[in-house]
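The values are calculated or read from the model by the stated rules, or taken from the named source; none is laboratory data. None of the values given here were measured: they were computed from a predicted structure. Backbone-built Cβ (ideal geometry, glycine too); neighbour counts: all protein chains shown.
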């Protein structure tokens, strides 16, 4: 039987206490227990980016992050970034730019961009491309994704 431990952390502004077996991927807890649909299971190896979340403001692959690794941390998923009534500037930009085709990569692209733009609020196009280069998009909407991140950066700057 695997050891269990109680882990406390914050998800999308709400305190969480979970008692799961050691070694449980954070993605499983977020999707299965909290029923959050933002982070997706893609590769399960941290290579595609579909599961990206923010942990203390840093873009993190939740499929390879264990629940015990986020003890006392603040986790934000796409579900907690904004709402239908009040979307985050990047969410609005992705809609405005029609950056989603199949939409599977959108969680990772948006969450990676939020973490990146928090550190670099006025990026060049090259810096944006580098920031999201490890996120897979098979539909080919890269130009619209880059345009959405540029627009989102301006929106985030206006909010500050």
Unmet criterion (only one of (1) outside the structural domain of residue 147 (by TED's automatic domain parsing); (2) exposed (fewer than 15 other Cβ atoms within 10 Å of the Cβ); (3) within 23 Å of residue 132 (Cβ to Cβ); (4) out of contact with any helix residue (DSSP H, G or I) (no Cβ under 9 Å at 6 or more places or on another chain)) for residue 103: (1)
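For residues in the range 108-149 being farther than 25 Å from residue 62 by Cα and free of Cβ contacts under 8 Å to residues at least 40 places away in the same chain, which is surrounded by the most Cβ atoms within 10 Å (Cβ to Cβ)? Reasoning before the result, please.
At the first step, the residues of the range 108-149 found to be farther than 25 Å from residue 62 by Cα are 122-126, 143-144, 147.
Remaining after also requiring free of Cβ contacts under 8 Å to residues at least 40 places away in the same chain: 122-126, 143.
Details: 122: 10, 123: 18, 124: 10, 125: 11, 126: 9, 143: 10.
Ranking the candidates gives 123 first.
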Single residue of the range 1-23 satisfying the filter (modelled with pLDDT of 95 or more and not in a strand (DSSP E or B)) that is farthest from residue 135 (Cα to Cα): 13
Reported set for the range 37-60 where residues are in contact with a strand residue (DSSP E or B) (Cβ under 9 Å, 6 or more places away or on another chain) and assigned to a strand (DSSP E or B) is 52, 53, 54, 55, 59, 60
For residue 70, work out the one condition from (1) farther than 30 Å from residue 3 by Cα; (2) in contact with a helix residue (DSSP H, G or I) (Cβ under 7 Å, 6 or more places away or on another chain) it doesn't fulfil. (1)
